[in-house]
Each structure stands twice: as C-alpha cells, then as structure tokens.
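Accompanying notes for the structure given below.
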Amino acid sequence: AVADRINTLMNIKGSQTVESFHKRLGKIMWEKCGMARNAQGLEEAIKEIQGLKKEFWSDVKIPGSVGEMNPELDKAGRVADFIELGELMCIDALDRKESCGRHFREESQTEEGEAKRDDANYSYVSAWEFKGESNWQLHKEELNFEVAKPTQRSYK
C-alpha cells in the first residue's frame, strides 16, 4: 500500500508544488477553523479542503525520483495526510456546536461574549473512524464527572 501511494504521488507529474498546497491548506484552517469559528465557515472549509484534495491528487508536482533521497516526496506524503486531518478537524468542529476549551464557537457565547459550554450535550470523549473517502463515523464515550463538575467559566 505504501509503495502504491508513493508511485501514485510520483506519477501525478502536475504543475503545483507541495509547498503551495501546504500553504493553501494552512490559510483555510487559519481563517475558518481557527480559535474563533462558526458553522458557515466550517462548512466552507470542508468544501474547500475537499476541492484542494482533488486538486492535490491530480496536479501536485514532485521533483526527483523514488530511488534517491527525496524530501519533496516525504513532504508530499505529509501534506496529503494534513489535508485529510484538516478535513476531519473541520468536520469535528462543525459537529461540536459549543465553545470548547480555547476554541470559540461564535454561535455559542454568553450575553457578555464569553465562551458558552454545553455540558449536557458534549460531555464525551470522541474518536472518528475512517470509513472511506471523506466519510467518517463518530464514536463517543460518555464522561461521568463524580468529583469535579464542569462549570461555566468567565475570563473577565
């Protein structure tokens, strides 16, 4: 499978550098899945990343060959993984409709503009299972707080 993936990457022979895809992904993530986010931006990010993924797998340019030390090939594999991870991060952020930790969901804030928790609906640990191209299944394990109870925070 690894050899097939390497050969697929090397045989694309596109026109865009690995670095250009990496920067474009970073811009999408920074602008739409950063510290402050909203449903519209996350939905846009998912579509943009899916488009970026298609473009990457059809137009990435990797100089050099497989039979030599090739840092661009190494980077291409990592950027392909980053694209998958970025898409999943946006899917996960869209699914969690609360402000959580340092990630501020614009639709989930108090009247004072503070992050608003939703412990009744989001007290679980989650893991996403890959089911195929852009297809993920959420698995949840509920959390039971016996000693320290979650509470609404104020940073003022």
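The values are calculated or read from the model by the stated rules, or taken from the named source; none is laboratory data. What you see is a predicted model; the values in this text were computed from it and never measured. Here the Cβ positions follow ideal geometry from the backbone for every residue, glycine too, while neighbour counts run over all protein chains shown. Side chains are part of the model used for accessible areas, which takes the heavy atoms of the whole protein and leaves out ligands, DNA and RNA. Shrake-Rupley method; radii C 1.70, N 1.55, O 1.52, S 1.80 Å.
Pairs only if they're at least six apart or on different chains, beta carbon under 7 angstrom, first in the stretch 79-106 and at pLDDT 90 or above, second of a type in the set (Phe, Trp, Tyr) and open to solvent by 40 Å² or more (accessible area, probe 1.4 Å); list them, first residue then second.
From residues that are at pLDDT 90 or above, the pairs are 88/128; 88/136; 91/136; 92/128.
For the stretch 133-143, which positions are modelled with pLDDT of 90 or more and either of a type in the set (S, T, N, Q) or open to solvent by less than 70 Å² (accessible area, probe 1.4 Å) (or both)? Spell out the reasoning first.
Kept after step one, since they are modelled with pLDDT of 90 or more, are these residues of the stretch 133-143: 135-143.
Correct list: 135, 136, 137, 138.
Quick check, is residue 58 open to solvent by 40 Å² or more (accessible area, probe 1.4 Å), among the polar types (S, T, N, Q), touching a residue at least 40 places away in the same chain (Cβ under 8 Å) and part of a helix (DSSP H, G or I)? Before you say what the answer is, go through the steps one by one.
On the way: open to solvent by 40 Å² or more (accessible area, probe 1.4 Å): yes; among the polar types (S, T, N, Q): yes; touching a residue at least 40 places away in the same chain (Cβ under 8 Å): yes; part of a helix (DSSP H, G or I): yes.
In short, yes.
Quick one: is residue 69 out of contact with any helix residue (DSSP H, G or I) (no Cβ under 8 Å at 6 or more places or on another chain) and either open to solvent by 50 Å² or more (accessible area, probe 1.4 Å) or modelled with pLDDT of 90 or more (or both)? Give the steps one after another, and end with the answer.
On the way: out of contact with any helix residue (DSSP H, G or I) (no Cβ under 8 Å at 6 or more places or on another chain): yes; either open to solvent by 50 Å² or more (accessible area, probe 1.4 Å) or modelled with pLDDT of 90 or more (or both): yes.
Here the answer is yes, as residue 69 does meet what is asked.
One residue is enough: does the stretch 48-62 have a residue meeting the conditions basic (Lys, Arg) and over 20 Å from residue 136 (Cβ atoms)?
At the first step, the residues of the stretch 48-62 found to be basic (Lys, Arg) are 53-54, 61.
From what's left, over 20 Å from residue 136 (Cβ atoms): 61.
Yes, the stretch 48-62 contains a residue that is basic (Lys, Arg) and over 20 Å from residue 136 (Cβ atoms).
Of all residues being among the basic types (Lys, Arg) and within 23 Å of residue 35 (Cα to Cα) in the stretch 112-132, which is most open to solvent (accessible area, probe 1.4 Å)? Just the residue, please. Quick ask: steps written out before the conclusion?
Within the stretch 112-132, the first condition is being among the basic types (Lys, Arg), and the residues that meet it are 116-117, 131.
With the extra rule that they be within 23 Å of residue 35 (Cα to Cα), the set shrinks to 116-117.
Values: 116: 99, 117: 66 Å².
Going through the qualifying residues, I end up with 116.
Under the condition of being over 22 Å from residue 85 (Cα atoms) and out of contact with any Ser or Thr (no Cβ under 8 Å at 6 or more places or on another chain), which residue from the stretch 8-22 is least open to solvent (accessible area, probe 1.4 Å)?
If we filter the stretch 8-22 for residues that are over 22 Å from residue 85 (Cα atoms), which is where we start, we get 11, 13-15.
If we keep only those that are out of contact with any Ser or Thr (no Cβ under 8 Å at 6 or more places or on another chain) too, we end up with 11, 13, 15.
Working: 11: 110, 13: 151, 15: 86 Å².
Taking the candidates together, the pick is 15.
So, in the stretch 1-53, exactly how many residues are touching a strand residue (DSSP E or B) at 6+ places or on another chain (Cβ under 8 Å), farther than 30 Å from residue 113 by Cβ and not in a helix (DSSP H, G or I)?
5
Name the residues in the stretch 119-156 that are part of a loop (DSSP other than H, G, I, E, B), out of contact with any Lys or Arg (no Cβ under 7 Å at 6 or more places or on another chain), within 28 Å of residue 84 (Cβ to Cβ) and touching a residue at least 12 places away in the same chain (Cβ under 8 Å), would you?
Keep residues of the stretch 119-156 that are part of a loop (DSSP other than H, G, I, E, B), which gives 119-123, 133-134, 143-156.
Filter once more, keeping what is out of contact with any Lys or Arg (no Cβ under 7 Å at 6 or more places or on another chain): 119-121, 123, 133-134, 143-149, 151, 153-156.
Next cut, within 28 Å of residue 84 (Cβ to Cβ) only: 121, 123, 133-134, 143.
Passing the criteria: 121, 123, 134, 143.
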